[in-house]
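Before any comments, here is the structure.
The values are calculated or read from the model by the stated rules, or taken from the named source; none is laboratory data. Just so it is clear, the model here is predicted, and its values are computed rather than measured. We place every Cβ from the backbone using ideal geometry, glycine too, and count neighbours over all the protein chains shown. When the accessible area is computed, the model is the full protein with side chains, heavy atoms only, and any ligands, DNA or RNA have been set aside. Shrake-Rupley method; radii C 1.70, N 1.55, O 1.52, S 1.80 Å.
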Amino acid sequence: MTDGSRTEEPLADMPGPRSGRDAVVVGGGLAGITAALALADAGVRVTLIEGRPRLGGLAFSFQRGELTVDNGQHVYLRCCTAYRWFLDRIEGAALAPLQDRLDVPVLDVAKPEGRRLGRLRRDALPVPLHLGRSLATYPHLSLAERAKVGRAALALKGLDLADPTLDTQDFGSWLTAHGQSARAIEALWDLVGVATLNAVAGDASLGLAAMVFKTGLLSDPGAADIGWARVPLGELHDRLARKALDSAGVRTEVRTRVTSISTDDNGRWSVQVPGETLTADAVVLAVPQREAHDLLPAGALDAPERLLEIDTAPILNVHVVYDRKVLGKPFFAALGTPVQWVFDRTDASGLKDGQYLALSQSAAQDEIDAPVAELRERYLPELERLLPGTRGAEVKDFFVTRERTATFAPAPGVGRLRPGARTKAPGLWLAGAWTATGWPATMESAVRSGVSAADAALSALGRPRPRHLFEVEEAA
């Protein structure tokens, strides 16, 4: 992978004189922000349209009393080089640092003897030896299961991500065929896979799962080191992103819905918003797949109905504020309980007293519509099992956030449904984590899609590519 964030070129020297070319980017999530910045840095006049009152898409913050709350916990890995470039571009990298070295505490409360702590961490050794000691001492698997995990990992490393047949198979069946027990899938493969794919192994495309594990765990020793925002996501994806857009000369309009797009006989595009018609040489649709389907003009894709076949998957986030500190780690993962991942968001939220924990529950189809009272009855006792310090603590606040369409569902066969950036309509491009980036629905995929759309648009507009722009390799 090329890390386009490393450059000696100053960002400020990129925009230069405007070329007389105009572009409209529809959608102010990470894909749209990225496309707008890339186009503006190449000297294109850009207008960014977002229907919500803020930028950031589904990675945003809101106020709840004195708390600043992220709608959900978002992390990235060292191998997410496009998102790291994005953080550099908006001058936010220092606010979302990476671990020095992968270290994931894993608490298991399923055994009769009580809580047992294991760790997934790497050593300063080459792949695959970097995880050898961690796997050899991982207490949540038997010796035989650990040995079989190693053999399956080597088999996974040997898969060709360019093989289209991988997308037709499910990861769970592949794991079973390669000797993985139900316990190994739960305690290792799904521990990672559910959080990154938003699906259990049996519901996930082998192609996407192989991409995640090969890139994150089997490519470079530090590839899976985890990074996360130490500030509210809105500080990064809204305030700093908007500051970068303003500096690049982008006109940004929020609370504005695009009602239609069309082209004239001269190839110019008209983008209709309430009270105004914007004209442009290029349009980037950086909106969810169903919204893109509704805005696409006739003939833009050979099979536009395929966009509607890309299903979605929910993520539930449970937020608990205690009157005292109950967790001494920044985060942990859990086994033997409905709880998946727990993060300490106290400092980022601005909480002055007590501790604020956020539980990130992926693949939450069975719980996404559950009443808050039911979720409270389910999760507070589970936190008591996991964290003894909660047993004498007072719950000051309990609330949930729900993203019913948080990601596209990474089901087998989804690869053939994901379009690339180019459409058959000259001057119209697509962006979004759901497009054909080769990645699952992550912040990394969103940024990559924005770069790909901008690259294609700049080529068509005859504009030189900004020297500092991230280099996206062709998706497998």
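Of the residues making up the range 325-352, those that are of a type in the set (A, V, I, L, M), part of a loop (DSSP other than H, G, I, E, B) and surrounded by 21 or more Cβ atoms within 10 Å (Cβ to Cβ) number 2. Looking only at residues that are at pLDDT below 95, small (G, A, S) and closer than 12 Å to R463 by Cβ in the range 8-48, which one is nearest to the chain's Cα centre (by Cα)? Only one residue tops the list, namely G16. Only one residue in L375, L386 is touching a Ser or Thr at 6+ places or on another chain (Cβ under 7 Å), among the aliphatic types (A, V, I, L, M) and at pLDDT 95 or above, so which one is that? Exactly one of L375, L386 is touching a Ser or Thr at 6+ places or on another chain (Cβ under 7 Å), among the aliphatic types (A, V, I, L, M) and at pLDDT 95 or above, namely L386. Every listed requirement among (1) within 16 Å of T423 (Cβ to Cβ); (2) more than 23 Å from the chain's Cα centre (by Cα); (3) assigned to a helix (DSSP H, G or I) is met by P297 save one, (3).
For every residue, the table says whether it meets (1) among the polar types (S, T, N, Q); (2) open to solvent by 40 Å² or more (accessible area, probe 1.4 Å); (3) touching a strand residue (DSSP E or B) at 6+ places or on another chain (Cβ under 7 Å).
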{"site": "G132", "(1), (2), (3)": "no, no, no"}
{"site": "K148", "(1), (2), (3)": "no, yes, no"}
{"site": "A153", "(1), (2), (3)": "no, no, no"}
{"site": "L156", "(1), (2), (3)": "no, no, no"}
{"site": "D163", "(1), (2), (3)": "no, yes, no"}
{"site": "T176", "(1), (2), (3)": "yes, yes, no"}
{"site": "R183", "(1), (2), (3)": "no, yes, no"}
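Only one entry of T256, T252 meets the criterion of being of a type in the set (S, T, N, Q), at pLDDT 95 or above, open to solvent by less than 60 Å² (accessible area, probe 1.4 Å) and in a loop (DSSP other than H, G, I, E, B), and that entry is T256. When each of R101, R121 is tested for being in contact (Cβ under 8 Å) with a residue 24 or more places away in the chain and either open to solvent by 30 Å² or more (accessible area, probe 1.4 Å) or within 19 Å of A195 (Cα to Cα) (or both), the lone residue that passes is R101.
Taken together, L430, L387, L359 contain a single residue that is crowded, with 19+ Cβ neighbours inside 10 Å, over 18 Å from the mean Cα position of the chain (by Cα) and in contact (Cβ under 8 Å) with a residue 12 or more places away in the chain, which is L387.
With respect to G193, is the statement that it is under 17 Å from L30 (Cα atoms) and crowded, with 23+ Cβ neighbours inside 10 Å true? No; evaluated as a whole, the condition is false for this residue.
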